[in-house]
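What follows is one structure encoded as structure tokens, with my remarks underneath.
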Amino acid sequence: ALAAVGQCQLMSTWDSLFSHLRQPIAQILITRNDIVDRTQYVNAQNTLAQLLSMGVIPIVNENDTLTVSEIKFGDNDTLSAITAAMIEADYLFLMTDVDGLYTANPRTNPDARVIDIVQDISSLEADVSSAGSSLGTGGMGSKIVAARLATSAGVTTVITRSSRPGTIEEIIEHHSSNDATSSDSALGVEETKPDPPLHTCFLPSDSPVHSRSFWLLHGLKPHGSVYIDEEAYNTIRDTGYLLPSGVIAVEGKFGYMEAIKVMVAPRPSQIELNDDYPMACSTPKEAKEVGRGLINYGYAELSRIKGLRSTQIHSVLGYSGSEYAVSRENLAFFEMPSRCMTPTSLSSPAPETYNDKNPLNDIPAASANQ
């Protein structure tokens, strides 16, 4: 109820500020369920695109009046990354009260410096998760998660201080001029450029995922895992679909058309698999998540037909559903095998708090609507 009252005051403030620029604005309230449901996700995309084409700036926020804690995004960083991916934005700016991502905690280490450019965010995650990492504890966790989401969709992401007017424009101009300077340098033309405001820039992926693939990878809550071996992984990267014969184990209690993780693990030898320990020959740490999909069979059915040819499905289940465990249109892959995020090993002097897990995976289970 208080959030409903606050929304009026908030939009009144926004409208007053933008009216001085004669700039029309609109309010878009999104819930986690709007992302899980494919139809609502596309509707949100279309609404945002239409507003921008009309020259209207959308003010996007979470619908706190209807959202309970169990189904919240968790932070505006995550919501902003999803929104940026939905509209295929050029830039996402995460404004905060520090200059960017530091090499160490500047409160305790005088040699700490702001990292200017992050080219490979997965390498950064690997460094910060290692025991010998130089990055300290701080409040950058949710922003790193947001940067990973946005850059995977081809969005350049910037973390910088919000207190200085003109920062966004100067940073964009700096990176645009750098591109132009590279061309001029090749022609023998040199020009001195002023230093931009301190910031950390995360470069976009060379192979971004868009639309349905982004929704499959980042919009749904996985209900379980399907394990395959390296041979099956190489095959499905070429074919685009997963057959039951490629499945070596299953984990979780998922149903038809619910989201699952696709995990690559060593194929078991002659050790029996069971529900309590699905990878008896390899610990879960040895398995790598490579993608996600919507499964064509529930846990019980897939457990019975895993490793079998599609022609054997009817004789085992008594009926023939799809010949695929995951169909082509319902399967998407990460650019690289994902790593476990450990935001608490990142550095920032800001006293903010955050969830130490990927907030997209902390939402209760929900089915996908085709």
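The values are calculated or read from the model by the stated rules, or taken from the named source; none is laboratory data. Note that the structure is predicted; figures quoted are calculated from it, not measured. Cβ atoms come from the backbone with ideal geometry, glycine included; neighbour counts cover every protein chain shown.
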Exercise. Do you know which residues across region 193-218 are crowded, with 18+ Cβ neighbours inside 10 Å, touching an Asp or Glu at 6+ places or on another chain (Cβ under 9 Å) and outside any loop (DSSP other than H, G, I, E, B)?
Worked result: H199, T200, C201
Problem set entry | Among the residues listed as R22, R38, the single one being basic (K, R), exposed (fewer than 15 other Cβ atoms within 10 Å of the Cβ), out of contact with any helix residue (DSSP H, G or I) (no Cβ under 6 Å at 6 or more places or on another chain) and in the same structural domain as A1 (by TED's automatic domain parsing) | R22
Exercise. Do the conditions hold for E231, that is, is it modelled with pLDDT of 90 or more, assigned to a strand (DSSP E or B) and surrounded by fewer than 21 Cβ atoms within 10 Å (Cβ to Cβ)?
Worked result: no
Exercise. Within region 330-343, can one find any residue that is modelled with pLDDT of 50 or more, touching a helix residue (DSSP H, G or I) at 6+ places or on another chain (Cβ under 6 Å) and within 22 Å of I82 (Cβ to Cβ)?
Worked result: yes
Problem set entry | Within region 82-117, considering residues that are within 13 Å of T160 (Cβ to Cβ) and touching a helix residue (DSSP H, G or I) at 6+ places or on another chain (Cβ under 6 Å), the one surrounded by the fewest Cβ atoms within 10 Å (Cβ to Cβ) | F93
